[in-house]
Amino acid sequence: EVLASFAKAFPQSSLLAETRLAVARTHVMDGSWVSSILEYDRWVTNYPAHKALSQAEFDRAWLNHQAGNSAKAFQLFTNYIERFPTNHLAPLAQKWIADFHFQSGKFAEAEQVYRRLFENTNLLELTGDLSWEARLSAGRSAFFRQNHVEAETLLTAVVNATNAPLGELARAEFYLGDVAAEQTARTPTNLVEAINHYERVALEMTNSPLNAAAWGRLGDCRLQLGEFAQATASYQTVTELPEADVTTRSQAKLGLARVLAGQADSEGETDVSERFLQQALGHCLEIVFGGNLRSANEKMDPFWVKEAGLMAGRLAKRLGQ
């Protein structure tokens, strides 16, 4: 209110532009996206030659994103790169555009834009550590458009780099595991390669946020190979890791149930088989009824509750329940 009063009282002040911009930013701090956008729209129209224009235009695009106006944000960030290609905020605008394509399922377009962040020498000096994120995201984009060769090339470059941050290195290894595992139907030996990548994250990168997920992926690979004991050990590790969230633990619990079901199939119609099926059913019901929650603050994951419920139904039918 003080800033707004100043603007009204001194409309000819040399500080008016800065004051009106400060007013716009107070709306941002209040979370008033619509009024903030209106203030920024007026500001960039009234002060097109101001030294703070590049920052204001970036903030304006970001506010539209926050307000859910994705199409407008896309337009503004695209214009930003054209108008301010050498500004220090240009790489962030470029990344937003790439992320927008990725989230829209336009993986070829996403990969192309991500690549600019580490292949365009004009941007590279401004990009900094963002270039590693861009390399990984370009690799993921290639993976999702099923260009596995390109995905492997991009991700391997991160693994082989001597200066890649440890967190990005872990992600590259994990994603390379996904690339190899995805091609298993065509080349079964790729599961072994996938295991090698996941093991590096699971055993050597214990502080990575992907550590628990890597153990889960190991369980999936071992299960596909019919290595029940090793699959069980991997899934069990996930359920015991302090940092594993309820989604990852639920997935691992269901993995344990699938291992037991596989063991039951290998035993035929015997008491041992029935015992395996009962244990598998127990794991499924634990997920369905929240028995694997660690605290009152944790919420059950609807997707894995559904999957566990469906498997529980099939197991109960086999048991005649």
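Observations on the structure shown:
- Exposure proxy ranking, count of Cβ atoms within 10 Å, fewest first, for Val34, Val259, Val44, Val113: Val34, Val44, Val113, Val259
- Candidate values [x] 173; [y] 271; [z] 150, label of the one derived for volume of the Cα convex hull per residue in Å³: [x]
- Taking label positions 7 Å along the Cα-Cβ direction at both Ala71 and Leu285, the computed distance is 5.2 nm, reported to one decimal.
- Inter-site label distance for Asp245 and Phe303 at 7 Å from Cα along Cβ, in nm: 1.1 nm
- FRET efficiency, Val192 to Leu124 (Cβ-Cβ, R0 41 Å, nearest 0.05): 0.65
- As a rough footprinting exposure proxy, the listed residues Trp215, Trp43, Trp33 were ranked by other beta carbons within 10 Å of their own, and the order from fewest upward is Trp33, Trp43, Trp215.
- Computed from the Cβ-Cβ distance with R0 of 41 Å, the FRET efficiency linking His88 to Ala229 stands at 0.15.
- Label-point separation in nm, Ala52 to Ser295, each point 7 Å along Cα→Cβ: 4.1 nm
- Across the range 244-256, rounded Karplus estimates of 3J(HN,Hα) from the backbone phi angles (6.51 cos²θ - 1.76 cosθ + 1.60, θ = phi - 60°) give 6, 7, 5, 5, 5, 5, 5, 4, 5, 4, 5, x, 4 Hz, Gly and Pro being marked x.
- The relative contact order of the chain comes to 7 percent, based on Cα pairs under 8 Å that sit 6 or more residues apart.
- Pairwise centroid distance, computed over Cα atoms, of the range 219-266 with the range 112-134, Å: 39 Å
- Each residue of the range 311-316 was assigned a 3J(HN,Hα) from its phi angle through the Karplus expression (A = 6.51, B = -1.76, C = 1.60, θ = phi - 60°), giving 5, 4, x, 5, 5, 4 Hz with x at Gly and Pro.
- In order along the range 212-220, the phi-based Karplus estimate (6.51 cos²θ - 1.76 cosθ + 1.60, θ = phi - 60°) of 3J(HN,Hα) comes to 5, 5, 5, 4, x, 5, 4, x, 4 Hz; Gly and Pro are listed as x.
- Shape of the range 71-122, Cα gyration tensor, a/c cut at 1.5: oblate
- Relative exposure of Thr270, Thr248, judged by other C-beta atoms within 10 Å (fewest first): Thr270, Thr248
- Helix 190-199 axis versus longest C-alpha principal axis of the chain: approximately 70°, rounded to the nearest ten.
- Segment Arg314-Asn160, length gained on full extension (0.36 nm per residue, minus Cα span): 50.9 nm
Rule-based calculations on the coordinates, nothing more; no lab input. Just so you know, these numbers come straight off a predicted model, no measurement behind them. Every residue, glycine as well, gets a Cβ built from its backbone with ideal geometry; the counts of neighbours run over all protein chains shown.
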